[in-house]
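Asker: One structure, pasted below without further comment.
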Amino acid sequence: FKRVTNLTNANGTDTDVSLKRGETARYTIEVRNTGTATLKEASIKDRIPHYVEFANAEERARVDGTQREVVWFLGDFLPGDSRIVSLDVILTEDVPFGTTIENVARLEATGFTRNSNTALIRTTDNASNAAAAAFFGGGFLPNTFVGWLLLTILILILVILARKAYGSFEENRR
């Protein structure tokens, strides 16, 4: 089972939290051998998703920076054995508003692979930036119909005001 927690600002559920840029999340992975056979050379593997940076993991974890993966080697995992590991990540500054980051861990052993449930991080920012992102997509130009409509109305208002101001200026010159 996999859980996610916002360490900076607690919110959400065990599998779905919101983070702002620069905030830290902790993935907690719990594995249990509920079978009757020993899992040989078992390991827990968790690929670090895009838009988050590795911050910390337990001392026995191995971090593969090129594969963006954290690995915990368990050795032989006996029936009834369980293990809990955790991994901290920081949301990057370049993540687009409204992005959902999915993360799944794997338990692997000789001849065996099992994926965990999906843990989600939903990216947010303060209310004004989130509202702007909803209309303008977090960039300079809008990327939604409503955003373009609002921008067009704003430009029309500016043109009308400029024409009025120029008209008043012309009348005063006469």
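We did not get these values from a lab; they are worked out from the coordinates using the rules stated. Note that the coordinates shown come from a computational prediction; the quantities given were computed from them, not determined experimentally. Neighbour counts run over all protein chains shown; Cβ positions are idealised from the backbone, glycine included.
Asker: What number, in nm² with one decimal, is the all-direction average of the projected area of the convex hull of the alpha-carbon atoms of segment 1-126? Please list the in-between numbers first.
Answerer: Details: hull surface 30.6 nm².
Mean projected area of the Cα convex hull: 7.6 nm².
Asker: What size of dipole, in debye to the nearest 20, comes out for segment 18-91 about its Cα centre when the only charges are +1 on Lys and Arg C-beta atoms and -1 on Asp and Glu C-beta atoms?
Answerer: Numbers: 11 positive and 12 negative charges, 37 e Å.
Around 180 debye, computed over segment 18-91.
Asker: For segment 20-65, take the alpha-carbon Rg, divide it by the Kirkwood Rh, and send me Rg/Rh. If you can, show how the numbers build up before the last one.
Answerer: Numbers: Rg = 14.1 Å, Rh = 13.5 Å.
Dividing the radius of gyration by the Kirkwood radius yields 1.05.
Asker: Note the full-extension length gain between Thr28 and Ser82 as 0.36 nm times their separation in residues minus their Cα-Cα distance, in nm to one decimal. Write down the numbers at each step before the final one.
Answerer: Details: separation 54, 0.36 × 54 = 19.44 nm, distance 1.32 nm.
Once the chain is fully extended between Thr28 and Ser82, it gains 18.1 nm.
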